Amino acid sequence: MPGKASALLSHLQISEALKSRISISFDSLTGTNSFAKERKPDDDKFVLYLPTVNLRLDHNPSFALACHIANTYHVPLLVLAVVLDDSSMPRTTRKPVVMTSRRLAFQLEALSEASNLWCSHGAKVAIRVHGPRNRAPDHLTLSSRAVAVVIDEPFVNPFLTYTQRVEKTCSINSVPCFRVDGSTTVPPVSVLKKKANCQNEGNAQMFYTGVPSKAWIWQKQTEGRRNGQVNAAMTGEFDAPELTRKINVDKNQNCTTETVAYFASNIFPLTWRDNNNEAPGSRPWTVSELQKLFESDQIKEWASSWHGADSSVPPSSQTVGTGQQGMQRWNAFVAERKGLVNYARRRCVRYLAQLLFSSITFHHSFSLPRS
């Protein structure tokens, strides 16, 4: 008998290309699989999307799946974007620095654009920034109460640890949870096979069978699937449908600006509804609050002063994290600098120069007289 997540996935009217990007994290065998039941507007049910690496609206299969599920259940979609710090890294003897001011500013710039687009689409969006004394596990609280949870497929930490904590919460509370790959051309989950009854320790080699030892083997193995995935993206199969239940969006598709009105629903924790609570510490930012910070050109300054970030790595003054700025950089690289034409040659020349320098340095270090 299929579980709730499997039954839900088979019920959705989505393309095979989108289905190939989805893996079921937890498939509860309990509860009802009735999806067409009309729900009351005040029943406080919702679908939760937790973006980590796909900070965009277009060609975002995770957001698309979340919208499909929300429409199926006739409930609103809540998006909680959490900017993770070092506490989400696995506990090891090494202490890597995750949240530098540079990374924080770049990610917040990306979220300022993406959150506005998600909100205009009809989703309720909140932006949480983690730091010392500011790590309220709202993502776990909301995951335990959601109709279903959708999260981006992670490949590295801290996103992997964050995802596993969400999946554990969903498992305890019998909430269907889906990972969706929006990062690769050919999703590995469409080719590899999960090991039965295995524990995910964050090591993909242990979690799946069929992982090749060389990159070129994977390229040959997936060559025939690449065009299908690219065509699916170009024809809109990874784009989100219009939401049937929208939250706090006016007739012009603008998001509500006042904090009290924005978080008025019983869906949200009580701390979110108090306008006097500091954001993004005690409560998350609203879309308009982050947007104002971006439009006033203060994100880089804010990221440099955030107590949870390593300010010794300052924000890059010439690099902005929005998709629009990213496309401008790409077009300049391709069209103006002919980057793709000379990329391989320049890369090889640079590599040979580095190799020669390393060889000379290595030889010189052993030629020095020893005292």
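Laboratory data are not the source of any read-out in this text; all were calculated from the coordinates shown. What you see is a predicted model, and the numbers here were worked out from it, not measured in a lab. So basically every Cβ, Gly included, is an ideal-geometry build from the backbone, and we count neighbours across all protein chains shown.
Points to keep in mind about this one:
- Computed log10 I(q)/I(0) for region 109-157 at 0.16, 0.19, 0.24 Å⁻¹: -0.66, -0.93, -1.25, from the Debye equation with unit scatterers placed on every C-alpha and solvent omitted.
- Around V189: net Lys/Arg minus Asp/Glu count, Cβ-Cβ under 15 Å: +1
- In range of the label at E242: residues from region 43-63 whose backbone nitrogen is under 19 Å from the point 7 Å along Cα→Cβ: 57-59
- Per-peptide packing, taken as the mean over residues of other Cβ atoms within 10 Å, places 105-113, 149-157 in the sequence 105-113, 149-157 from highest down.
- Over 29 Å between alpha carbons, listed pairs K246/K300; K194/K214; K19/K220; K193/K338; K124/K194: K246/K300; K193/K338; K124/K194
- Overall, the anisotropy analysis places region 117-198 in the prolate class: the square-rooted eigenvalues a ≥ b ≥ c of its C-alpha gyration tensor yield a/c not less than 1.5, with a/b exceeding b/c.
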